[in-house]
Amino acid sequence: MHRSWLVVLSLLIVSTLGFGQSASNDSQGMQALVAEVRQLRKDLQASNGNALKAQILLYRLQFQGEAVMRATQHLNDARGMLADTQRRLKETSDNLKRFEEYLENNTESAAADRKQVQYEVSRNKAELENLAAEEQQRQTAELQAEEQLRTEQAKLGELEDRVDRLEKDLTSNPK
């Protein structure tokens, strides 16, 4: 009988140890699951943050691309107006030369004709002065438009670099 108590007591001790060990394993498993859920939450927050950064950069990239297009159009317009002014300047200069040559070569023409040609010479000289001033303004406008375009292109380049760096970060760190 003494032995049976000893056997029962040893069985109880062994089962208690096994049961305690099982509870310990369950607790460790639960802690591992909680740690994994926390890591998943952290990874999800980082991923959402990266997605938001990427979206903001892409919108800025789109708007900056539009700014570059507007600056390009402005430069093209400025160049067109300058070319038009230069064309008118050349036409007026050519007309002035023709009128001056007429006065030199036709000394015996009618007084009324000479007076009209002299008026045209005066008018063309005044027009040349106005066109020369206009050409200066157009050249200044063209230079300013070129500078604005360079500025907008530089901003676009910076944004493209940021997008490239973000893409590289996301590729090398795929979390």
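Under the condition of being within 29 Å of LYS168 (Cα to Cα) and among the aliphatic types (A, V, I, L, M), the residues counted in the stretch 24-52 number 7. Under 48 Å from the mean Cα position of the chain (by Cα), among the basic types (Lys, Arg) and under 30 Å from LEU159 (Cβ atoms): is that true of ARG60 in this structure? Criteria met by ARG60.
The single condition from (1) within 30 Å of GLN136 (Cα to Cα); (2) free of Cβ contacts under 8 Å to residues at least 40 places away in the same chain that ARG88 fails is (2). Just one of (1) closer than 30 Å to GLU160 by Cα; (2) modelled with pLDDT of 90 or more; (3) touching a Lys or Arg at 6+ places or on another chain (Cβ under 7 Å) trips up LEU82, so point out which. Just one mismatch for LEU82, condition (1). Is it the case that some residue within the stretch 42-63 is surrounded by 12 or more Cβ atoms within 10 Å (Cβ to Cβ), basic (Lys, Arg) and within 21 Å of GLN144 (Cβ to Cβ)? No, the conditions are met nowhere in the stretch 42-63.
Figure legend. Inter-residue proximity from the stretch 121-143: first residues closer than 21 Å to ALA78 by Cα, second residues part of a helix (DSSP H, G or I) and small (Gly, Ala, Ser), beta-carbon distance below 8 Å, spacing 6+ or different chains. Indicated pairs: LEU128/SER93; ARG138/ALA78; ALA141/ALA78; GLU142/ALA78.
The values are calculated or read from the model by the stated rules, or taken from the named source; none is laboratory data. In this text, all values refer to a predicted model and were calculated from it rather than measured experimentally. Counting neighbours? That spans all protein chains shown, and the Cβs are built from the backbone with ideal geometry, glycine included.
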